[in-house]
1. State which residue is modelled with the highest pLDDT when the search covers only the range 48-63 and only residues that are assigned to a loop (DSSP other than H, G, I, E, B) and loosely packed, with under 13 Cβ neighbours inside 10 Å.
2. Filter the range 64-98 for residues that are within 25 Å of Pro15 (Cα to Cα) and of a type in the set (Asp, Glu); which is surrounded by the most Cβ atoms within 10 Å (Cβ to Cβ)?
3. Out of all the residues in the range 10-47, which are under 22 Å from Tyr98 (Cβ atoms), over 13 Å from the mean Cα position of the chain (by Cα) and at pLDDT 90 or above?
4. Looking only at the range 64-78, which residues are outside any strand (DSSP E or B) and in contact with a helix residue (DSSP H, G or I) (Cβ under 7 Å, 6 or more places away or on another chain)?
5. What number of residues within the range 1-14 are surrounded by fewer than 16 Cβ atoms within 10 Å (Cβ to Cβ) and either in contact with a Lys or Arg (Cβ under 8 Å, 6 or more places away or on another chain) or touching a residue at least 12 places away in the same chain (Cβ under 8 Å) (or both)?
Amino acid sequence: MNRHSRDIFAQNGIPYIINVRFGDEKSYPFCFRDIPKDSILFVGALGTQARADHKTIFYSGVCTMIETLEPRALLIYGSVDKRFFELCIARDITLVRYPSQKEVIR
């Protein structure tokens with residue numbers, strides 16, 4: 001959701017969820033810019049868990065996102081590192097995990 005749409009939703013009392021996407025640490029400044037703190041954030045984990053280097057990049061990005069944006073809730077689609085649960089509990093962040101379609105049809 002872009003900032004303009006988010007502003008219109010907020011002005012009219014319409015709840016919204018922000019889908020956050022990022023790459024490595026070079027992308028954090030522009031990917032996390034203009035996202036309000038204490039929001040409900042969504043990230044997709046598909047394609048990030050097969051290789052160790054991808055897992056590391058994803059974990060680092062989510063940790064930085066949490067530190068920077070201090071979300072009230074984090075929604076994750078796909079498999080997730082167990083450390084996210086510990087991190088969210090420690091920071092009093094609601095974590096909701098949605099299984100991927102592949103997981104559901106097994």
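The values are calculated or read from the model by the stated rules, or taken from the named source; none is laboratory data. Computed from a predicted structure; not experimentally measured. Cβ sites come from the backbone with ideal geometry, for glycine too, and all protein chains shown count toward neighbours.
1. Restricting attention to the range 48-63, the residues satisfying the condition of being assigned to a loop (DSSP other than H, G, I, E, B) are 48-51.
Now drop any that are not loosely packed, with under 13 Cβ neighbours inside 10 Å, which leaves 50-51.
Working: Ala50: 81, Arg51: 88.
My answer is Arg51.
2. Result: Glu70.
3. Ile14 - this is the single residue of the range 10-47 that is under 22 Å from Tyr98 (Cβ atoms), over 13 Å from the mean Cα position of the chain (by Cα) and at pLDDT 90 or above.
4. Initial filter on the range 64-78 (outside any strand (DSSP E or B)): 64-72, 78.
The answer is Thr64, Ile66.
5. Looking only at the range 1-14, we keep the residues that are surrounded by fewer than 16 Cβ atoms within 10 Å (Cβ to Cβ), and these are 1-5, 7-14.
Still in the running and either in contact with a Lys or Arg (Cβ under 8 Å, 6 or more places away or on another chain) or touching a residue at least 12 places away in the same chain (Cβ under 8 Å) (or both): 1, 3.
Looking only at that region, the number is 2.
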